[in-house]
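Readers should treat all values here as calculations from the given coordinates under stated rules, not as data from a laboratory. Just so it is clear, the model here is predicted, and its values are computed rather than measured. Heads up, the Cβs are rebuilt from the backbone with ideal geometry, glycines too, and the neighbour counts pull from every protein chain shown.
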2 protein chains.
Amino acid sequence: MSLIPPFTPEQAATVRQAIALRRDCRHFLPGPTLPDAQLERLLQAAHQAPSVGLMQPWRFMRLSTPAWRERLAPLVEAERQATAAALGARADEFLRLKVEGLRDCAELLALILPPDDGTVFGRRTLPQEMALCSAGAAVQNLWLAARVENLGLGWVSMFEPQALARVLELPHGALPLGLLCLGPVPAFYEHPLLEQTGWRQRRPLQDLLMKAPDHGN
Amino acid sequence: MSLIPPFTPEQAATVRQAIALRRDCRHFLPGPTLPDAQLERLLQAAHQAPSVGLMQPWRFMRLSTPAWRERLAPLVEAERQATAAALGARADEFLRLKVEGLRDCAELLALILPPDDGTVFGRRTLPQEMALCSAGAAVQNLWLAARVENLGLGWVSMFEPQALARVLELPHGALPLGLLCLGPVPAFYEHPLLEQTGWRQRRPLQDLLMKAPDHGN
């Protein structure tokens with residue numbers, strides 16, 4: 001182990017600020033794709049995520065051409081309508097929300113869970129769960145790395161995964177987890193958009209802490 | 001939307017550094033539990049994670065008493081032995097690795113996926129997957145927030161989830177996803193411990209980029 005200098009309180013505050021100001025973005029500024037070096041830097045941050053047994057269960061496919069966006073947008077729209085139908089009483093309210101920025105974002109990437117590689121270390125009992133948690137951690141790294149380069153990211157999960165897998169010609173066993181919209185934004189929302197629009201509120205932290213049963217103490 | 005000042009290149013570099021220097025820790029310095037205010041600050045960072053449909057599918061249970069550690073350590077040890085048996089040829093090599101710091105870490109927390117709340121928004125087609133990705137993102141926030149306060153975190157996923165759920169008296173439908181070991185460490189590993197010990201290597205980013213099929217262009 002080498003000696004790595006400790007982080008300062010100011011640096012800790014910066015990271016907390018990035019965490020606090022990160023948003024799921026659906027409004028993007030139209031414009032060119034990102035420079036390759038910037039996109040690679042952001043994906044390197046994703047790739048530095050932890051993964052159970054070091055399985056690295058994240059794959060990325062760049063789909064930023066106009067042709068790909070035109071091909072993918074109807075898949076998302078179909079699922080948006082199916083979601084509205086499933087929501088019943090809140091359908092109209094839902095349909096007024098902006099839920100994606102597929103056509104405007106600078107970069108459109110698919111996040112893909114690769115076919116299971118059989119890793120046993122740390123996931124003998126929770127194989128799928130641990131792979132998915134690791135993929136989520138990778139996107140969170142990407143989100144934060146993008147935020148501090150003042151770029152927004154939106155994770156679109158409204159699609160029928162088998163239909164998307166077919167269009168992307170994914171190998172058997174691979175699962176698309178998201179269409180990631182990445183790029184410059186007009187502004188970062190002050191609060192999560194679902195809160196701002198009154199769809200749902202964040203809960204106080206205290207509600208999420210579970211009390212340990214007494215018998216262990 | 002209010003105007004939030006942009007992050008500076010120096011701040012972006014700090015966040016990238018935190019991402020790069022974050023490690024899954026298994027070696028901890030014995031000592032007291034963390035001050036309540038510090039633990040709450042770290043859990044607030046976790047709670048600022050994105051979640052699909054704002055479902056916030058993360059719960060935390062503090063299990064830092066010596067009695068809880070004694071109760072939980074055998075569950076992890078049993079799974080460690082079961083993992084060794086499942087690994088076959090690499091069993092001995094695996095058993096020489098340090099895989100957890102349950103007894104020494106300042107704080108021991110369970111990460112729990114709560115019973116499904118029926119959120120449809122963004123997860124009609126991938127309900128379990130999206131909840132798990134969100135939980136993974138929350139832990140990554142916790143990991144980074146801890147790292148910049150110079151605290152280590154280790155995510156232990158070696159346990160039989162139903163057995164752990166029974167001991168923790170979780171409600172029906174809740175799933176324990178991890179035992180999180182958190183606290184001061186003697187040092188941060190220069191590389192992920194599984195790499196340092198030769199168990200497995202990180203892949204180059206290029207291997208994780210999938211080429212889009214031609215027909216979309």
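The Rg/Rh ratio for the stretch A:79-217, using Cα coordinates for both the radius of gyration and the Kirkwood hydrodynamic radius, is 1.02. Across the identical copies, the 7 Å label point of B:Gln81, projected outward along Cα→Cβ, sits 5.8 nm from its counterparts, in ascending order. Near A:Ile112, within a Cβ-to-Cβ distance under 14 Å, what is the net charge of the other residues, with Lys and Arg +1 and Asp and Glu -1? With Lys, Arg at +1 and Asp, Glu at -1, the neighbours total -1. Shown in residue order for the stretch B:109-124 are the 3J(HN,Hα) couplings computed by the Karplus curve 6.51 cos²θ - 1.76 cosθ + 1.60 at θ = phi - 60°: 10, 8, 9, 10, 7, x, x, 4, 8, x, 4, 9, 3, x, 8, 5 Hz (x for Gly and Pro). Here the Karplus relation 6.51 cos²θ - 1.76 cosθ + 1.60, evaluated at θ = phi - 60°, turns the backbone of the stretch A:57-73 into coupling constants of x, 9, 9, 10, 10, 7, 10, 8, 6, x, 5, 5, 4, 5, 6, 8, 4 Hz, with x for every Gly and Pro. Ranked from shortest, the separations from the 7 Å Cα-to-Cβ label point of A:Asp207 to its equivalents in the other copies are 4.3 nm. Legend: mean number of C-beta atoms from other chains within 10 angstrom of residue C-beta atoms, peptide B:174-184, equals 1.
Cα gyration tensor of the stretch B:1-103, axes a ≥ b ≥ c as square roots of the eigenvalues: rounded (a/c below 1.5), prolate (a/b > b/c) or oblate? Prolate.
Cα convex hull of the stretch A:133-199: mean projected area in nm², to one decimal? Provide the component values of the computation, followed by the final result.
Numbers: hull surface 24.0 nm².
With every direction weighted equally, the projected area is 6.0 nm².
Quick one: if the Förster radius is 25 Å, what FRET efficiency do B:Asp92 and B:Gln196 give, using the C-beta to C-beta distance and rounding to 0.05? For R0 = 25 Å, the calculated efficiency reads 0.85. By the count of neighbouring beta-carbon atoms within 10 Å, fewest first, A:Phe188, B:Phe159 end up ordered A:Phe188, B:Phe159. For A:Leu175, the residues whose modelled amide H falls within less than 5 Å of its own, excluding neighbours fewer than 5 places apart on the same chain, are A:Leu113.
With label points set 7 Å from Cα along Cα→Cβ, the inter-copy distances at B:Glu195 are 3.5 nm, sorted shortest first.
In this simple spin-label model, placing a label point 7 Å from the Cα along the Cα-to-Cβ direction at both B:Gln81 and B:Ala163 gives a separation of 0.9 nm. For B:Gln17, neighbours were defined as the other residues whose beta-carbon sits under 11 Å from its Cβ, and their charges (Lys and Arg +1, Asp and Glu -1) total +2.
When every alpha-carbon pair in the stretch B:15-75 is counted, what percent end up more than 19 Å apart? Result: 55 percent of Cα pairs exceed 19 Å. Here the protein assembly as shown is treated as a Stokes sphere of Kirkwood radius computed over C-alpha pairs; at 25 °C and 0.890 mPa s its diffusion coefficient rounds to 111 µm²/s. By the rule of a second cysteine Cβ within less than 4.7 angstrom, the protein assembly as shown holds isolated cysteines at A:Cys25, A:Cys133, B:Cys25, B:Cys133. Working note: Karplus 6.51/-1.76/1.60 with θ = phi - 60° gives the stretch A:78-84 the couplings 4, 6, 4, 5, 5, 5, 4 Hz, where Gly and Pro are set to x. Spatially, the stretch A:119-150 and the stretch A:14-79 are offset by 14 Å when compared through their Cα centroids. B:Leu170 sits among other residues whose Cβ lies under 13 Å from its own Cβ, and their net charge, with Lys and Arg +1 and Asp and Glu -1, is +2.
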